[in-house]
Amino acid sequence: STFSENSLKTSLLQLECHFTWSLLKEHVGLESLEETVVDHIKFVKESNITDYNILSYVCHLKNSNEEALRNLKKAEEAVQKHHPGEIARSLVTWGNYAWIYYHMQRYEEAQTYVSKVENSCKKLSNTAHGKIQLPEIHAEEGWASLRFGPNYFERAKNCFEKALKGEPDNPDFNAGYAIAMFRLEKLAYRLSEEMRPCAGILKRALELNPKNTTLLALLALELQQLKRANEGERYIEEGLQITPDFPVFLRYAASFYRKKGDLGKAVKVLKKSLALTPNSVFLHHQLGLCYRLQILKLKKTRYTPQEEVENLIQLAIFHLKTVIDKKPTFISAHSDLANIYALCKRYEEAEEIFQEVLQRNNLSCLEKQEMCFSYGNFQHFHMNSESKAIKYYIEGLKMEGDSYGRRKCREAVETLLKQKIRSRLGDATDIGTLGLVYKLNGEKQKAIECYEKAIALDPNNEEYRNALFELQLSI
């Protein structure tokens, strides 16, 4: 039987399904992913096949294979209902069946599904093997990739591009492509990369999906970013007419109002949405951000209403704690929570959160740079430790890879050092450190000038001499 098991495994690896797309659970919070998909099924009837397949894969990752099978059965029922007779729609589901039976050591059933896929592929194309290029399958992989977070957005875009080659006017593929492009654009902003505005792509997808309010909302946010907020707001209002109770739309509408500075309206929309989907991590995070902005606004007023501020602080803490409990991989939410603790002088709790995250070894470069900036600010503005702030800003600079966080670290540390040097409190160390900042930033000439000044003040410093020598050699 080991032989047939091996040949089964070989066949399984040929299948196109969630098990062969290397979607790794460490890139998502499984809890929150499951809740997101369950909510989506509740409110969106037409893309159930995709959702049930992802849900079954998530169940498998959580070690409940029986539950996974139940979701695949629902995916099959959805195919029967919405796409009877379209074999291509079932291939991913059957592939997932084969894998789950294999993991349950029910090898005969697994083999049955492998054969089902192989025979269908032979019917659908002239290739003998299970690898088959079908637009529907590319699209399924695209949607799954979007669900698994930023590490997969580029792949999602490529999948939808492949699907569109086969069917350029397919509404579903165009919607997926537009969403992937929107997410990539947001990611490019955080990575300080060239941004390709995707308003045109969103408009095209919307023409093919006029009832899709998710696309409406993304287009509104895109126009807001392009400083065409009034035009954007018309789309938001239109969406509120079409789907007043669709949580995905409402959460984007709330983002729009928050960015506009209309916090009252944002909170109102978020609360309505949270009543519909109480487990949404995204909504809890957005509410936390809104309350934080309201706190900062109130603190600027002449007579700060203390009780109101206290109440908002409690709310912000509650919502942000919910986020990091449900989704520990949501890094920026950790620094948001730490910042709230800092605002109300609960410094030990803030410190604890920062340390826990900074000591993780699976942070991306981007996340680490953003954390260094946040923690540097905490040390600078709350703990009054300029030296620690400088140390962490420089930590952020030392990492390769440009990002918004790295840029912020650079601006902060340059400003801080220049102020110290200008106020005559700066000594050779500060001038030498500024030299290091310029060096890390590739501004060699400026770095050389700083090191020369530092050596004039501290002639015996080996570190500065070596740094200067290295720089002069490299020019």
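The values are calculated or read from the model by the stated rules, or taken from the named source; none is laboratory data. Computed from a predicted structure; not experimentally measured. Cβ atoms come from the backbone with ideal geometry, glycine included; neighbour counts cover every protein chain shown. Heavy atoms of the whole protein, side chains included, go into the accessibility calculation; ligands, DNA and RNA do not. Shrake-Rupley method; radii C 1.70, N 1.55, O 1.52, S 1.80 Å.
Apply the Karplus parameterisation 6.51 cos²θ - 1.76 cosθ + 1.60, with θ equal to phi minus 60°, to every residue of the stretch 365-382 and state each ³J(HN,Hα) to the nearest whole Hz, in sequence, with x for glycine and proline. For the stretch 365-382, the Karplus-derived couplings read 3, 4, 5, 5, 5, 5, 5, 4, 5, 4, 6, x, 4, 4, 5, 6, 8, 9 Hz, x marking Gly and Pro.
Full extension of the chain between LYS271 and ASN361 yields a length gain of 28.9 nm, computed as 0.36 nm times the residue separation minus the alpha carbon distance.
Place a label point 7 angstrom from the Cα of ASP245 along the Cα-to-Cβ direction, then list the residues of the stretch 1-43 whose backbone nitrogen is under 17 Å away. Those under the cut-off are 39-43. Here the convex hull built on the C-alpha positions of the stretch 280-362 has a volume of 78 cubic angstrom per residue. For the stretch 5-129, carbon and sulfur atoms together expose 49% of the accessible surface, with a 1.4 angstrom probe and every protein chain in place. The Cβ shell under 15 Å around GLN105 holds other residues with a net charge of -2, Lys and Arg each +1, Asp and Glu each -1.
For the stretch 30-90, the normalised intensity computed at q = 0.12, 0.16 Å⁻¹ comes to -0.27, -0.47 (log10 of I(q)/I(0), Debye sum over alpha carbons, equal scatterers, no solvent). Of the Cα atoms belonging to the stretch 342-469, the radius of gyration and Dmax stand at 15.5, 48 Å.
Report the Rg/Rh value for the stretch 5-129, based on alpha-carbon coordinates and the Kirkwood definition of Rh.
0.97
The label point for VAL44 and the one for LYS123, both projected 7 Å from the Cα toward the Cβ, are 2.9 nm apart. Please give the FRET efficiency for GLU443 paired with ASN63, using the beta carbon to beta carbon distance and R0 = 30 Å, rounded to the nearest 0.05. After rounding, the FRET efficiency stands at 0.05.
Largest first, the three principal axis extents of the alpha carbons in the chain are 81, 57, 41 Å in whole numbers. Across the cross-link table entries LYS203/LYS297; LYS227/LYS420; LYS408/LYS439; LYS157/LYS439; LYS74/LYS268, which are compared at the Cα atoms, the separations over 27 Å belong to LYS203/LYS297; LYS227/LYS420; LYS157/LYS439; LYS74/LYS268. Rounded to the nearest whole Hz, the Karplus-based 3J(HN,Hα) values (6.51 cos²θ - 1.76 cosθ + 1.60, θ = phi - 60°) of the stretch 455-465 follow the sequence 5, 4, 7, 9, x, 8, 7, 5, 4, 5, 4, with x at glycine and proline.
What do you get for trypsin sites (Lys or Arg not before Pro) in the stretch 99-195 restricted to DSSP loop and a cutoff of at most 15 other Cβ within 10 Å of the site's Cβ?
ARG106, LYS131
Using the Karplus relation 6.51 cos²θ - 1.76 cosθ + 1.60 with θ = phi - 60°, the per-residue 3J(HN,Hα) values for the stretch 349-359 come to 5, 4, 4, 4, 5, 4, 5, 4, 6, 5, 8 Hz, with x marking Gly and Pro. Here the simple spin-label model places points 7 Å from the Cα toward Cβ, and for SER332 and GLU308 these points are separated by 2.8 nm.
Applying the criteria of a DSSP loop state and at most 16 other Cβ atoms within 10 Å to the GluC sites (Glu not before Pro) of the stretch 1-96 yields GLU46, GLU86.
With a Förster radius of 30 Å applied to the beta-carbon distance between GLN133 and LEU24, the computed FRET efficiency rounds to 0.80. Dividing the summed -39500 (n - 2.57) terms of all DSSP H runs of n ≥ 4 by the residue count of the chain sets its mean residue ellipticity at 222 nm at -24000 deg cm²/dmol. Straightening the chain between LEU473 and LYS73 buys 137.2 nm, computed as 0.36 nm per residue apart minus the Cα-Cα spacing.
Computed over protein heavy atoms with a 1.4 Å probe, the accessible surface of the stretch 5-129 works out to 49 Å² per residue.
Applying the criteria of a DSSP loop state and at most 15 other Cβ atoms within 10 Å to the trypsin sites (Lys or Arg not before Pro) of the stretch 28-83 yields LYS45, LYS62.
Between ALA428 and GLU352, what's the calculated FRET efficiency when r is the beta-carbon distance and R0 is 25 Å? Round to 0.05.
About 0.10, to the nearest 0.05.
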